[in-house]
Structure formats: C-alpha cells, structure tokens
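The values are calculated or read from the model by the stated rules, or taken from the named source; none is laboratory data. Model, not experiment: these values are computed from the prediction. Methodologically, a virtual Cβ is constructed for each residue, glycine included, from the backbone with ideal geometry; neighbour enumeration extends over all protein chains shown. Ligands, DNA and RNA are stripped out before the accessible areas are found, and what is left, the full protein with its side chains, is counted by its heavy atoms. Shrake-Rupley method; radii C 1.70, N 1.55, O 1.52, S 1.80 Å.
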Amino acid sequence: ERQAFQRSGRAQPAAPFDQDALRFVSVGRPPPRHEVRIVDEAGRSLGERVEGHLQFRGPSSMQGYFRNPEATRAVQCGDWYRSGDLAYWADGELFLTGRTKDLIIQAGRNLHPQEIEKLAAEVEGVRRGCVVAFSVPNAETGTEALVLVAETRETDPAAKRRIAAEVQRRVAARAGIAPERVHLVAPHTIPKTPSGKLQRHACRRLFLQNRLEAARPPREGVGLYHVAL
C-alpha cells in the first residue's frame, strides 16, 4: 500500500487490483548459519513488515575491505555488517526495497528512485536503463527538489520539450510527485560502472557542478589488429 509505505515505512498488503500499489520481490530466507536483521537508525530491531536497514552476519561475511580499515569500520556494527540495503520481513521472507544512499525524501515521503526511473523510461524517446532520479537542495524553499536526468537520441528542441513534459506528467500521475526538473542529455552521458550499473551519486555531483555533459566520456572506436602466430 503506497501511502503507508512511503510515509511510515510499513509494508501493509495492498487491496486486490490496487493500481497504485508498490511491488517488491522476496529474496527468500537466509542460508544456514547466517543471520539477517532489520534495524532502525538507532540500531533497534524492527518488527514484521517495517522497512529498515539490513544487517547480516555469518561464516561467509567478509573480513574487511582490502587495505581500507576506515571503510571496514564504517560497515561494522559489532559482529554484524551493514549491507547498505533497505528491507523488511514478511512471513519469514526478506524483501529488499532499495539502497540507503539512493533514498529520496520528498514532502515527508520516502521514495525509491528505481520506480521513478522506470516510469520515465516508459516515455517514447527516452533510452531504457539510462534514467537517473535524485534530489537536490532547493534554496528557495529550504527543502529537496526531485530531478530526473534521462538520455535521449532526440536533438530537436521541440521534441525534447515534449518528452520532458510527458516524463513529468507520467511520474506525477503514477508516483504522486512531479519532478521539479527533467534534464535530457545525449546518449552515454549518465555515468555507469564498468558492469553497466547507474552511478546516481556521480550523476548528481556532476549535475550540481554543471559538468554532466562536459564529463561525457568519448565513444570508444573499434580497432582491427593482425596477430602473427
């Protein structure tokens, strides 16, 4: 049930055929000899169907980050490790809801960027898998403003205005919040990891520095090599 989850973190089952419902997939139960707990900001264990921070321990836990004791201490909580994920329990199964660092807080609601990005990617002209949502400070209101950065192959200014307007309309209608700004960029502008994962924090930093387009990496050429054996 969307409102209860976004405002209080309570994963109440939605009514049948609720078109506004949020959907999360169970990842099952911890493997043998491993433990998982869900805690609040103060480290207190949370009950059933309440979203919180995921911590784990067990024989397959890491010893630490390689040559980085500071990063190791940051994720340790006694003999537990902070995973950086948000999650909740339901009927003995674990449901991951997002990453702590990606959470967007808007008007008292906790929003996960993945849903907003998926809605924007459904708009014709937006490249799928190439949308990033994040919040930035709003100096006028003293709150956070929602920003969407989306890649498109479209170059016509009128067409780009149409795409941006449709993104705003669709996100507002389905997620209940309108992005304050939709920033359309050329393909291969949004930073990603070598494995192709979106780098939301890097994108946000470059956006705030007005360096997003300037930091766009050059396209790699294709070379032919002859090897004598």
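Which residues, counting only those in region 116-125, are at negative phi and in contact with a helix residue (DSSP H, G or I) (Cβ under 6 Å, 6 or more places away or on another chain)?
Here is the first cut: in region 116-125, the ones at negative phi are 116-124.
Passing the criteria: 116, 119, 120, 123.
Among the candidates 137, 194, single out the residue that is part of a strand (DSSP E or B), open to solvent by 10 Å² or more (accessible area, probe 1.4 Å) and without any contact (Cβ under 8 Å) to a residue 24 or more places away in the chain.
Result of the check over 137, 194: 137.
Working only within region 140-178, note down all residues that are modelled with pLDDT of 95 or more and part of a loop (DSSP other than H, G, I, E, B).
153, 154, 155, 156
Give me the pairs: first residue in region 94-113 and on the phi > 0 side of the Ramachandran plot, second residue open to solvent by 50 Å² or more (accessible area, probe 1.4 Å), beta-carbon distance under 7 Å, and six or more apart or on different chains, which are they?
Pairs found: 98/114; 108/7.
Being out of contact with any Lys or Arg (no Cβ under 7 Å at 6 or more places or on another chain), touching a residue at least 40 places away in the same chain (Cβ under 8 Å), open to solvent by less than 50 Å² (accessible area, probe 1.4 Å) and of a type outside the set (Val, Ile, Thr) is the filter here, so list the residues in region 177-191 that pass it.
Correct list: 179 only.
Out of (1) open to solvent by 70 Å² or more (accessible area, probe 1.4 Å); (2) in a loop (DSSP other than H, G, I, E, B), the odd one out for residue 21 is which?
(1)
Inside region 91-119, can you point out the residues that are open to solvent by 30 Å² or more (accessible area, probe 1.4 Å) and assigned to a helix (DSSP H, G or I)?
Once the filter is applied, which keeps residues that are open to solvent by 30 Å² or more (accessible area, probe 1.4 Å) and assigned to a helix (DSSP H, G or I), region 91-119 yields 100, 101, 114, 115, 118.
Of the conditions (1) touching a residue at least 60 places away in the same chain (Cβ under 8 Å); (2) open to solvent by less than 20 Å² (accessible area, probe 1.4 Å), residue 127 clears all except one; give me its number.
Only one criterion is unmet by residue 127, namely (2).
If I ask for residues that are in a loop (DSSP other than H, G, I, E, B) and either without any contact (Cβ under 8 Å) to a residue 12 or more places away in the chain or of a type in the set (Ser, Thr, Tyr) (or both), which ones from region 66-90 would you list?
66, 67, 68, 78
Restricting attention to region 24-62, report how many residues are open to solvent by 40 Å² or more (accessible area, probe 1.4 Å), of a type in the set (Gly, Ala, Ser) and assigned to a loop (DSSP other than H, G, I, E, B).
Residues in region 24-62 being open to solvent by 40 Å² or more (accessible area, probe 1.4 Å), of a type in the set (Gly, Ala, Ser) and assigned to a loop (DSSP other than H, G, I, E, B): 3 in total.
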